[in-house]
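K.L.:
The following block contains the structure, expressed as structure tokens.
Only the coordinates and a few stated rules stand behind these numbers; no lab work does. Keep in mind the model is a prediction, meaning the values are calculated, not measured. Neighbour counts are summed over all protein chains in view; Cβ atoms, including those assigned to glycine, are modelled from backbone coordinates with ideal geometry.
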Amino acid sequence: MKWTFIRIGAICGFLAVAIGAFGAHMVKENISAAMFANYQTGVQYHMFHALALTVIGLASAVLPATGHLRRAGWAMLTGIIIFSGSLYVMALTDLRILGAITPIGGVAFCSAGSACSWPAEALGLPRSNMEAIGGRLSGRRGRPGEASLFC
């Protein structure tokens, strides 16, 4: 799974840069300012979530395999396709009705964030590992009964 989301994140990042460059050099002069603002919003969300997909892939490399990260990754990809894709098509074709499906992509982004926000225990990390990680991050060793970053 980790390589899947790292690869998908890299591809989505490449596409965000390419689509953004296309918009800046080819589209900007041919559409209204309002539609170009929609196009830019699509590119920004596309890039932010491409980076988040890569982070999910990296997190899955160090955390035990769970459905939470997998659900988050697929929801993020779905959000990119629906949210950013509908904004791209709407800006290029001036079909404002596509704005009605854009929030569906936003819901996918929200569900991805929700899946990522589960506590570390839900991700399957044993409590002793969380204390050890917290001790390394804070520069000291965790002691039993002492609060750490992940407890």
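K.L.:
Explain nothing, just compute: Karplus ³J(HN,Hα) = 6.51 cos²θ - 1.76 cosθ + 1.60, θ = phi - 60°, for every residue of region 83-88 in order, whole Hz, x for Gly and Pro.
P.N.:
In residue order, the calculated couplings are 5, 5, x, 5, 5, 4 Hz.
K.L.:
Using the per-residue mean of other Cβ atoms lying within 10 Å as a proxy for protection, in what order, highest first, do the peptides 3-16, 48-61 fall?
P.N.:
Details: 3-16: 17.5, 48-61: 20.0.
The most tightly packed comes first, giving 48-61, 3-16.
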